[in-house]
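Step one of this worksheet: look at the structure below.
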Amino acid sequence: MPPNSGPAACCGRSPMVKYEVIVVGTDGSRTAGTALDHAITLAQATGAQLHVVFALDERKALDFAHVVEASGDSADVAAFNAGMRNQSKEICDAAIAAAEAAEVQCYAQARPGDAAAVLMEVAGELRADLLVVGNRGMTGMRRMLGSVPNTISHHAPCSVLIVQTDASDEEQ
């Protein structure tokens, strides 16, 4: 094939993609750690800034109504939310430490809201080149309703990398 031919040449694009801003979602799970590792590796290889986002699933008293009704116990919503904020800070701090160990410039934040919506919002605000998520999230009570990777793949404001994290599920 002659030089400057092929799919990249026909579109006027360079064959090497340069990422400057990468956003990755985390919930602290092992599978999210796999996605974070991929994002760190990509940021390291391309010199991109990495932005780690934790979607904070804060609850309202109404969310606990069925649990309280069934068990007869009271629910301390404020304590639950404070615990979630503390956990999100620990997870974000660990992600920053992992990125900095790889000499990647990293920022992290926790925002309240639906995981897919929060990730797409941050990617849009930062004009991210790439949004990285795992193909599986947490399960059980802490899993967000709906499929985060599915929603993001259809509505993200930038390119999306959905990392295969099934292997890390088997390790649990």
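The values are calculated or read from the model by the stated rules, or taken from the named source; none is laboratory data. Note that the structure is predicted; figures quoted are calculated from it, not measured. Glycine gets a Cβ as well: all are built from the backbone with ideal geometry, and neighbour counts include every protein chain shown.
Summary of computed values
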| item | result |
| --- | --- |
| Lone unmet requirement of (1) over 13 Å from the mean Cα position of the chain (by Cα); (2) surrounded by 15 or more Cβ atoms within 10 Å (Cβ to Cβ) for Ala97 | (2) |
| Selected residue (criterion: surrounded by the most Cβ atoms within 10 Å (Cβ to Cβ)) from residues of region 112-130 that are touching a residue at least 12 places away in the same chain (Cβ under 8 Å) and not hydrophobic (A, V, I, L, M, F, W, C) | Asp129 |
| Ala128 vs. criteria at pLDDT 75 or above, assigned to a loop (DSSP other than H, G, I, E, B) and not aromatic (Phe, Trp, Tyr) | yes |
| Selected residue [at pLDDT below 95 and surrounded by 13 or more Cβ atoms within 10 Å (Cβ to Cβ)] from Asn81, Asn86 | Asn81 |
| First in region 85-105 and free of Cβ contacts under 8 Å to residues at least 24 places away in the same chain and under 11 Å from Ile40 (Cβ atoms), second anywhere and part of a helix (DSSP H, G or I) and not small (Gly, Ala, Ser), Cβ under 9 Å, 6 or more apart | Ala101/Ile40 |
| Search result, residues across region 138-155 that are modelled with pLDDT under 90, surrounded by fewer than 18 Cβ atoms within 10 Å (Cβ to Cβ) and assigned to a helix (DSSP H, G or I) | Gly140, Met141, Arg142, Asn150 |
| Failed criterion for Cys92 (all others in (1) out of contact with any Phe, Trp or Tyr (no Cβ under 6 Å at 6 or more places or on another chain); (2) modelled with pLDDT of 90 or more hold) | (1) |
| Failed item, numbered, when Ala101 is tested on (1) at pLDDT 80 or above; (2) in contact with a strand residue (DSSP E or B) (Cβ under 9 Å, 6 or more places away or on another chain) | (2) |
